[in-house]
Each structure stands twice: as structure tokens, then as C-alpha cells.
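Worksheet for the structure shown next.
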Amino acid sequence: MITLVADIGGTRIKMGITKDQTLLAQRSIEARSHEGLEPQLPRIAAAFASMCAEAGIQYADCCALGVAFPSVIELETGRVLTTFGKYLDAPQLDLPRWAREAFQLPLVMENDARVAQLGEWQAGAGRGCDDFVMVTLGTGLGTSALMGGQLVRGTHGQAGIFGGHITVRQGGRPCICGNRGCAEAEASTAVLPMIAREHRDFPSSGLRSLDVIDYAAVFRLARDHDVCAVALRAHSIEVWSALIVSLIHVFDPERVIIGGGIMSGAADCIADLARSVRARAHTPWGHVEIAPALLGDAAALIGAEFLVREKRAPSRQ
């Protein structure tokens with residue numbers, strides 16, 4: 001089964017061609033999410049056309065387009081129901097129609113954290129485990145839960161995916177969801193530059209001289225004992241562990257898998273996260289396993305292929 005797959009993130013749009021959980025081709029472009037989704041659709045189509053040409057694959061060889069998107073998705077129609085500061089025009093777009101016109105393929109679409117979890121379940125750190133929670137740390141904080149080998153979706157399709165909007169600091173920073181003190185508003189790539197610049201030690205920090213303040217820089221400088229970076233790292237681990245503890249108390253998983261762009265090159269954070277979680281989580285039977293994701297950027301791409309298979313996408317028309 002050959003599938004076109006895309007992971008539409010807030011910073012990058014990743015695309016690929018998969019066959020039986022193997023990536024035949026992969027490409028990434030800048031997201032430009034502030035411009036909206038509609039201007040990105042021709043860019044996505046062009047990237048797929050180029051990849052297919054290079055791989056010698058025709059759209060007629062493919063069964064569907066599987067897409068991971070950072071929002072609540074109406075599963076049966078592929079309609080985006082809401083947005084969280086990215087691709088604000090998405091709810092007005094007829095994306096299934098676009099997929100038919102651009103590729104002559106049906107569209108299968110789901111929340112990006114869920115799709116990444118499917119990928120890790122099938123081919124990564126979740127293999128052999130049917131009860132685990134996935135936390136994706138990136139531009140925002142995504143979460144997803146798998147119980148008994150089934151994604152937790154809920155009545156309205158939003159169960160399990162709003163972990164990033166769990167309140168971890170009463171009266172904290174305003175969040176794009178309308179709440180205050182959400183985990184995502186306290187420790188994510190989107191808010192990191194603001195938090196860094198507000199820190200009292202920022203003027204003397206190596207972060208001040210950087211054009212881009214991201215977690216890769218924070219982790220690197222923290223290893224060199226930069227006071228501001230050390231404080232930001234500690235604060236973030238505090239927020240992420242509070243989020244994970246809440247998810248453990250809600251879903252009672254066997255394992256928690258941590259992925260997302262923030263964790264690239266930050267494997268040392270996993271041990272600190274695990275220690276913090278174990279000190280707080282009420283699990284009298286033992287400890288939940290805290291493990292890093294294994295697939296990186298490929299997680300949602302591999303997961304999108306499985307999503308297509310799971311949803312049994314209709315035949316091309």
C-alpha cells in the first residue's frame with residue numbers, strides 16, 4: 001500500500017511517500033503558518049509532485065493522502081473544527097475537495113499528536129504496548145492516549161489531545177485557548193523567547209546574542225552552566241513533569257513516550273523528567289515507564305499510513 005503522507009506542523013511541514021511502514025521519500029518545507037493554510041496547499045502539492053517524480057510513482061499508484069494536523073478534526077469529513085494560533089483559515093477550507101482535485105485521492109486526516117502516537121505504536125517506542133500516552137513537545141504541546149490498542153477520541157473528537165492545555169500554574173500566562181497557566185503557555189517553543197527575555201539573568205546570558213532562541217540553544221547553554229539557560233531548562237522540566245503526572249492520573253498508562261522537536265538532542269532531559277514524575281505521580285503499584293520516542297520526524301508520517309489503513313479510506317473516484 002503506497003500512501004502520500006503529510007505532517008502539517010507549526011514550524012515545518014513534513015511530507016513523505018510510504019509503503020508498508022517504510023518511507024520511500026521524505027521532504028520538509030517551512031510552514032509559514034501565520035499566512036494560513038490555503039497559501040501552503042500549492043507548495044505541498046508541488047513538493048509531492050516532485051517527490052513522486054523522483055521516486056517514479058504516479059498518484060494512481062497511491063491509495064490516499066494521510067494528513068496529521070495540529071487541531072481538532074471531524075473524523076468522518078476531514079474538516080478542521082478549530083485552530084490554536086496556527087493556520088487560522090483552516091476551518092473554512094474544503095480539504096477533502098483539495099485532495100481530490102490535486103491528487104485524485106481521498107483524504108484521511110487526524111490530530112497530529114494522535115498520528116505521531118500511531119507511528120510510535122506501530123514502528124517505534126510504543127511497539128508491543130497497547131496502553132500508553134504520547135507527549136509531543138514542540139511549537140505547542142501535543143498529547144494523545146492509546147488504551148486497549150484504541151485511540152482515545154471521545155464524543156466530540158477531542159479526548160486526550162488537550163493535555164497541553166492542562167492548567168499547571170494557576171493564574172499563569174494567558175494561553176491561545178483562552179485559559180491561563182496552560183502547560184503550553186508555560187513551556188513550549190512558541191513562548192520560550194518571551195519567557196527567556198523576561199528572565200532576570202537574560203542580559204548576561206548567551207541567549208541574548210542569538211537570532212533564534214529555541215530549546216536546542218537552551219539545552220546547549222545549560223550544559224555550559226549559563227544561569228538563565230539552567231533556570232529555563234529547570235522550569236520547563238517542572239512544567240512538563242506536572243503535565244505528565246496529570247496524564248498518568250487520568251489515563252493510567254503503562255508507558256509515557258516523549259517526542260517532538262524539542263527533544264531532538266536532549267536525551268538527558270528524559271532522566272530528569274522521569275525522576276520528577278516518579279516523585280509526584282500516585283502509582284502505588286509501581287512506576288510508569290518514561291521513554292523517548294524513536295521515530296523523530298517520521299513518527300507522524302508512518303502513523304498517517306496506519307491511519308489510512310485504520311480508517312479504510314474509500315476507493316479513489
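Rule-based calculations on the coordinates, nothing more; no lab input. Computed from a prediction, not measured in an experiment: that's the story for all the values here. Reconstructed Cβ throughout: ideal geometry from the backbone, glycine too, with neighbour counts over all protein chains shown.
Just a few scattered comments:
- Residues Trp285 and Leu41, FRET efficiency given R0 of 45 Å [Cβ-Cβ distance, rounded to 0.05]: 0.40
- Tilt relative to the chain, helix 41-55 - C-alpha long axis, 0 to 90 degrees, to 10: 70
- Cα-based helix-to-principal-axis angle, 112-123 vs the chain, degrees rounded to 10: 80
- Part-to-part distance (alpha-carbon centres) for region 156-175 and region 44-115, which is given in Å: 26
- At R0 = 41 Å, FRET efficiency that the Cβ-Cβ distance of Asp94 and His249 yields, to 0.05: 0.55
- Across Gln58, Gln21, Gln122, mean-square fluctuation computed from a Gaussian network of the chain (C-alpha pairs under 10 Å connected) peaks at Gln58.
- Sequence-separation-based contact order of the chain, relative, with Cα cut under 8 Å and 6+ spacing, percent: 21
- Region 79-190: projected area of the alpha-carbon convex hull, averaged over directions, in nm²: 8.4
- GluC sites (Glu not before Pro) within region 63-124: DSSP coil, no more than 13 neighbouring Cβ in 10 Å: Glu76
- With both residues required to sit in region 128-292, DSSP beta bridges show an antiparallel share near 55%.
- Relative packing of peptides 139-145, 293-299, 282-288 - highest average C-beta neighbours within 10 Å first: 139-145, 293-299, 282-288
- What the Cβ-Cβ distance of Met194 and Glu76 gives, at R0 = 45 Å and to the nearest 0.05, is a FRET efficiency of 0.70.
- Whether region 128-292 is rounded, prolate or oblate, judged on the alpha carbon gyration tensor where a/c under 1.5 counts as rounded: prolate
- Judged by the gyration tensor of its Cα atoms, with axes a ≥ b ≥ c, region 16-163 is oblate; a/c meets the 1.5 cut and b/c is at least as large as a/b.
- Each Lys or Arg adds one and each Asp or Glu takes one away; over the other residues whose Cβ falls under 13 Å from the Cβ of Leu210, this sums to 0.
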